[in-house]
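Below is one structure, written out as structure tokens, with a few remarks after it.
The values are calculated or read from the model by the stated rules, or taken from the named source; none is laboratory data. This is a predicted model, so every value here is computed, not measured. As a convention, Cβ positions derive from the backbone with ideal geometry for all residues, glycine included, and neighbour counts pool all protein chains shown.
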Amino acid sequence: DQQVKQNSPSLSVQEGRISILNCDYTNSMFDYFLWYKKYPAEGPTFLISISSIKDKNEDGRFTVFLNKSAKHLSLHIVPSQPGDSAVYFCAASSGGAQKLVFGQGTRLTINP
Amino acid sequence: KAGVTQTPRYLIKTRGQQVTLSCSPISGHRSVSWYQQTPGQGLQFLFEYFSETQRNKGNFPGRFSGRQFSNSRSEMNVSTLELGDSALYLCASSFTGGITEAFFGQGTRLTVV
């Protein structure tokens, strides 16, 4: 069973517009969520995280929203830039364990 | 500050052989986790070591094992390799024992033929 799901395998957005990446989870024990970005032939790079006690966290162009009742989180990138083109993974953990459960990833393409 | 270093970057092994992968975490980081990435299964957690002790383990067979040394460097071993073990193996390190952002290495691409 897939506990973390990213239902959109790909997303294409115009440069300067907002990119919204979505993630759903099924395990109600998850209490910490992270977004990672991955370029080909590189390891994932941490972007932003959020604890379940919050519903929003911002860092520059990146904002993560958490809706616990819907078991849904989203990553907003504003404005989108060509360098944002990559695969984005959401990940979740529970109980403070350094054991991440990843979604399948969404390939984001920013078009000039 | 140097990042997470994984060696080797690429490896080709024959079915039935065994392989050892190495990971040097960021200086000062005591937690090292290992993940397997395949096209079909995505990124899956293998195990985590903290202060030389395995603290968490994923759902992988006993052929997959690891260890951590006193300098926090970690090794992962896969015995009796199968074709399905072909994957990108990623190591991640983090500073504390609790959940914080993990920093990943570039991975070791293992191909089993």
Exception for A:F65 within (1) more than 14 Å from chain B (Cβ to nearest Cβ); (2) over 15 Å from the mean Cα position of the chain (by Cα) falls at (2)
*So is B:V78 touching a helix residue (DSSP H, G or I) at 6+ places or on another chain (Cβ under 9 Å) and either surrounded by 19 or more Cβ atoms within 10 Å (Cβ to Cβ) or among the β-branched types (V, I, T) (or both) or not?*
yes
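Within the stretch B:55-74, can you find the residues that are in contact with a Lys or Arg (Cβ under 8 Å, 6 or more places away or on another chain) and more than 28 Å from A:V87 (Cα to Cα)?
Filtering the stretch B:55-74 for residues in contact with a Lys or Arg (Cβ under 8 Å, 6 or more places away or on another chain) gives B:56, B:58, B:72, B:74.
Within the stretch B:55-74, just B:S72 meets the criteria.
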The residue from B:G66, B:G62 that alone is surrounded by fewer than 17 Cβ atoms within 10 Å (Cβ to Cβ) and either more than 8 Å from chain A (Cβ to nearest Cβ) or more than 14 Å from the chain's Cα centre (by Cα) (or both) is B:G62
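Condition first: over 16 Å from A:L100 (Cα atoms) and under 13 Å from the mean Cα position of the chain (by Cα). Can you find one or more residues in the stretch B:24-32 that meet it?
Keep residues of the stretch B:24-32 that are over 16 Å from A:L100 (Cα atoms), which gives B:24-30.
Checking which are under 13 Å from the mean Cα position of the chain (by Cα) leaves us with B:24-25.
Within the stretch B:24-32, one or more residues are over 16 Å from A:L100 (Cα atoms) and under 13 Å from the mean Cα position of the chain (by Cα).
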Within the stretch A:74-98, residues over 24 Å from B:P39 (Cβ atoms) and touching a Cys at 6+ places or on another chain (Cβ under 8 Å) come out as A:S74
Selection from the stretch B:5-21 of residues within 17 Å of B:L81 (Cβ to Cβ) and part of a strand (DSSP E or B) yields B:Y10, B:L11, B:I12, B:K13, B:V19, B:T20, B:L21
(1) more than 16 Å from B:L46 (Cβ to Cβ); (2) at pLDDT below 95 all hold for B:S93 apart from (1)
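Restricting the search to the stretch B:69-93, which residues are small (G, A, S) and either more than 14 Å from chain A (Cβ to nearest Cβ) or assigned to a strand (DSSP E or B) (or both)?
The first filter runs over the stretch B:69-93 and keeps only residues small (G, A, S), leaving B:70, B:72, B:74, B:79, B:84, B:86-87, B:92-93.
Scanning the stretch B:69-93 gives B:S70, B:S74, B:S79, B:G84, B:S86, B:A87, B:A92, B:S93.
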Checked against (1) β-branched (V, I, T); (2) within 14 Å of chain B (Cβ to nearest Cβ); (3) over 19 Å from A:Q3 (Cβ atoms), A:T106 satisfies every condition except (3)
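Looking at the stretch B:63-113, which of the residues that are of a type in the set (D, E) and touching a Phe, Trp or Tyr at 6+ places or on another chain (Cβ under 9 Å) is farthest from A:K38 (Cα to Cα)? Reasoning before the result, please.
Within the stretch B:63-113, the first condition is being of a type in the set (D, E), and the residues that meet it are B:75, B:82, B:85, B:101.
When the remaining residues are screened for being touching a Phe, Trp or Tyr at 6+ places or on another chain (Cβ under 9 Å), the result is B:75, B:85, B:101.
Details: B:E75: 23, B:D85: 21, B:E101: 15 Å.
Taking the candidates together, the pick is B:E75.
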Only unsatisfied item for B:F45, checking (1) within 13 Å of chain A (Cβ to nearest Cβ); (2) farther than 18 Å from A:A97 by Cα; (3) under 10 Å from the mean Cα position of the chain (by Cα), is (2)
Does the stretch B:52-59 include one or more residues that are of a type in the set (V, I, T) and modelled with pLDDT of 95 or more?
-> no
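Can you list the strands (runs of 3 or more DSSP E) found entirely within the stretch A:10-112 that contain at least 3 residues being among the β-branched types (V, I, T) and out of contact with any His (no Cβ under 6 Å at 6 or more places or on another chain)? Break it down into steps so the answer makes sense when it comes.
On the way: elements: A:10-14, A:19-25, A:32-38, A:45-51, A:56-59, A:62-67, A:72-77, A:86-93, A:106-111.
The strands (runs of 3 or more DSSP E) meeting that bar are A:45-51, A:106-111.
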Among A:S93, A:S80, A:S49, the single one that is within 11 Å of chain B (Cβ to nearest Cβ), buried (at least 17 other Cβ atoms within 10 Å of the Cβ) and in contact with a Lys or Arg (Cβ under 7 Å, 6 or more places away or on another chain) is A:S93
Quick count over the stretch A:43-77, residues being closer than 26 Å to B:G107 by Cα, of a type in the set (S, T, Y) and free of Cβ contacts under 8 Å to residues at least 12 places away in the same chain, is 1
